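The values are calculated or read from the model by the stated rules, or taken from the named source; none is laboratory data. Given the structure is predicted, the values throughout are model-derived calculations rather than measurements. Backbone-built Cβ (ideal geometry, glycine too); neighbour counts: all protein chains shown.
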Amino acid sequence: MKKILFLFFLLNAFADAPDPTKPIVIGKMNGRLGNQLFNIAITCALAWDHDAEPYFPDLSILENDPVYPDNYRHLLFRCNVTPPSRPISFHMFEPPGGYRPILFYPDMKTEGWFMSEKYFAPHRDRLLELLAPHPDDLLYVQSNYSWLSKHSHTVGIPLRVWNEDPTGKYFLQYGKDFLRKAAAFFHEDTIYLVTSNDIEFAKKVFANIISFLTLPIVGGPLG
C-alpha cells in the first residue's frame, strides 16, 4: 500500500511540474498576503491564457521571511518558484486608471497591484486549487470547526489596524455605513469569521452590524 501511495505521489508531482520549454510569466510580489494573492492571480491567469508557465521567484525569499513566513508555508507553497534561466523580454507595469487588458509577451514579467477580478475571474476554480489551504491546516479546521463545512454561507473578514497611521490618511478604516452596505450583499444567514491584529477593536467595529465569530489564529497571523 505504501508503494502505491508513493507512486501516486510521484505521478502527481510530475504531472504538476512546470514545462521549462514553454514561455514564462514572472510575477513580482507586492505588499502582504492580500496583495500577493492578486499578484499571483493575475500572473497565473495571463500565463494560462497563453499556454505559458507562471513563476514567482520572490516567494523563495518569502519562504524565509522573518516577519510573515507563514504566507508561503500555509498558502503559496504550490506556486512555481524557480524559473528557467533565460532573459526577460518585457517588463510590464500595471497601467494607471484601474482595469485594462494586458498584452502578453513571451518571457515577460508583471509588476503592479491588479486589484480587479476581471483579470482572473475565468480561472477562479483553478486558482482555488492552487491556493487551497495546506492539508495540515485543512485537517485542523475540520477537526476543530467541522460545523463550518456544513454551513453554506460563510465569509472571512480580516481587519488590520494600522497603528503606524493613526490619522487614517493612508490606510482608511471604513465606517459602519460602509460595513452595513457591504453586508447587504451577502445572504441573511451568513456567518462572518473575523480575524484582526486588534480583536477588541474589531468587536467594537462590527457590533450591532453583523453576527460574527472570532477565531484564534494558530501560529501567528498571515501578513
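Observations on the model:
- Selection over segment 119-143 of residues that are outside any helix (DSSP H, G or I) and either without any contact (Cβ under 8 Å) to a residue 24 or more places away in the chain or out of contact with any His (no Cβ under 9 Å at 6 or more places or on another chain) (or both) gives a count of 3.
- Residue count for segment 67-102, restricted to those that are outside any loop (DSSP other than H, G, I, E, B) and within 19 Å of the chain's Cα centre (by Cα): 7
- Close pairs (6 angstrom Cβ cut-off, 6 or more residues apart or separate chains): over 11 Å from SER60 (Cβ atoms) and in the same structural domain as ALA17 (by TED's automatic domain parsing) in segment 72-87, of a type outside the set (A, V, I, L, M, F, W, C) and surrounded by fewer than 19 Cβ atoms within 10 Å (Cβ to Cβ) anywhere: HIS74/HIS134; HIS74/ASP137; PRO84/PRO20
- Residues (free of Cβ contacts under 8 Å to residues at least 24 places away in the same chain and in a helix (DSSP H, G or I)) located in segment 176-212: ASP177, PHE178, LYS181, ALA182, ILE199, GLU200, LYS203, LYS204
- Out of GLU188, GLU111, sole residue that is modelled with pLDDT of 80 or more, touching a strand residue (DSSP E or B) at 6+ places or on another chain (Cβ under 9 Å) and not aromatic (Phe, Trp, Tyr): GLU111
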